[in-house]
Amino acid sequence: MKRSVTSNMQLQVAGDARLVISVAAARCPGLTVDDRLTIVAGGVELSPEVVTAERHAVFHVVDVTAGDVEIDYAATVSGYEETLDEPVREQLSNLVPSRYAESDRLAGIAAERFDGLTGAELVLAVRDFVHERTAYVPGASKPTDGALDTLLEGQGVCRDFTHLVIALLRARDVPARLVSAYAPGLDPMDFHAVVEAYVDGAWQALDATGLAPRQSLLRIATGRDAADTSFLSSYGAAVTLTGISVSAVLSDAALPGDNHTGLVLLGR
């Protein structure tokens, strides 16, 4: 499978700031990545520091001064992620509450709603519950909203759906984590967020929005929640996102069908 992806961001920076950019395809074993990232500030191209993070994610870190900044990324990625054994600590770190996935506060509803379910049946029941009761409404949520907010409001975007699934699964003792991804077939096109839940001895992909086939996803970053996987973080000065565009297509095959009723490995 070959995927072609791009992203472009325009920023207005109020002063000296450090930018942490997470838009590059993860360097997972089994994938061949041919990519380029350029950062231009005040007409000058900057050279970022490259930092490798969890699950082979690649972050680009750069210091900028006040003014306009443009970040442009393009990649062609071939192959399939290899399924690798991961240490038990990966399961343990994704069982506890986190900033946007307050599993402790949702323990009661999770126990009441999903009592008696285990394994794949539990994981898919949680996914379906969130899908059926949550409306996809761009702009409906705030950057500070967590899983409890989404449950109460009943609406949000992909990260909100994902945080709610993660929190409910952790509340039922299922390790769950967030994956940011490029998603061929996604409409509206943007960066996407989905869940990986550890069930049947593997990390299985779940998408409660149902907006893109899991088989075509391309991993960017993996973490406990959006705090670990944001496409852009800034420190030191206010940064305003003035423009963004994302594209992702399969360049060598038709888009796969996905009715989101079973377990699927991400990008497989």
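If one computes P(r) from the Cα atoms of the range 52-128, what percent of pairs lie at distances over 16 Å? When all Cα pairs of the range 52-128 are counted, 76 percent exceed 16 Å. Phi angles of the range 203-216 translate, via the Karplus equation with coefficients 6.51, -1.76, 1.60 and θ = phi - 60°, into HN-Hα couplings of 7, 9, 8, 9, 10, 6, 6, x, 8, 8, x, 5, 5, 9 Hz per residue; Gly and Pro are given as x.
Averaging the sequence gap over all C-alpha pairs within less than 8 Å and six or more residues apart, then dividing by the number of residues, gives the range 1-158 a relative contact order of 24 percent. Considering only Leu46, Ile71, Ala24, the residue lying farthest towards the positive end of the dipole of the range 3-82 is Ala24, judged by Cα position with unit charges set on Cβ.
Taking Cβ atoms as reference points and 10 Å as the exclusive limit, the residues near Pro213 contribute a net charge of -1, counting Lys and Arg as +1 and Asp and Glu as -1. Quick check: the angle from helix 119-133's long axis to the longest principal axis of the chain, C-alpha only, nearest 10 degrees? So the inclination is approximately 70 degrees. Computed over the range 186-268, the Cα gyration tensor eigenvalues convert (square root of 5λ each) into semi-axes of 26, 18, 10 Å, ordered from largest to smallest.
Backbone phi angles across the range 158-167, fed through the Karplus curve with coefficients 6.51, -1.76 and 1.60 (θ = phi - 60°), yield HN-Hα couplings of 4, 5, 5, 4, 5, 4, 5, 4, 4, 5 Hz in residue order; Gly and Pro are listed as x.
About its Cα centre, how strong a charge dipole does the chain have in debye, to the nearest 20, once Lys and Arg get +1 and Asp and Glu get -1 at the Cβ?
120 debye
Couplings for the range 249-256, taken from phi via the Karplus curve 6.51 cos²θ - 1.76 cosθ + 1.60 with θ = phi - 60°, read 9, 8, 9, 9, 7, 6, 5, x Hz in order; Gly and Pro are left as x. Report, in whole Å, the centroid distance computed from the Cα atoms of the range 141-202 and the range 210-268. One Cα centre to the other: 11 Å.
Can you tally the net charge around Glu86? Count Lys and Arg as +1, Asp and Glu as -1, for every other residue whose Cβ sits under 15 Å from the Cβ of Glu86. It works out to a net charge of -2.
If you take the Cα atoms of the chain, find Rg, then find the Kirkwood Rh from the mean of 1/r over all pairs, what is Rg/Rh? Write down the numbers at each step before the final one.
Values: Rg = 18.2 Å, Rh = 18.9 Å.
The Rg/Rh ratio comes out at 0.96.
Think of each Lys and Arg Cβ as +1 and each Asp and Glu Cβ as -1; about the Cα centre, that makes the dipole of the range 23-141 roughly 300 debye. For the range 121-223, the dipole from Cβ point charges (+1 on Lys and Arg, -1 on Asp and Glu) about the Cα centre works out to 220 debye, to the nearest 20.
Take each of the peptides 112-125, 216-229, average the number of other beta-carbon atoms within 10 Å over its residues, and list them starting from the highest. Write out the running numbers ahead of the final one.
Values: 112-125: 14.3, 216-229: 23.3.
My ranking of the peptides, most packed first, is 216-229, 112-125.
Every read-out reported here was derived from the displayed coordinates using simple, explicitly stated rules and does not represent laboratory data. Note that the structure is a prediction, hence the values are computed from the model and not measured. No Cβ is skipped: glycine too gets one built from the backbone with ideal geometry, and neighbour counts run over all protein chains shown.
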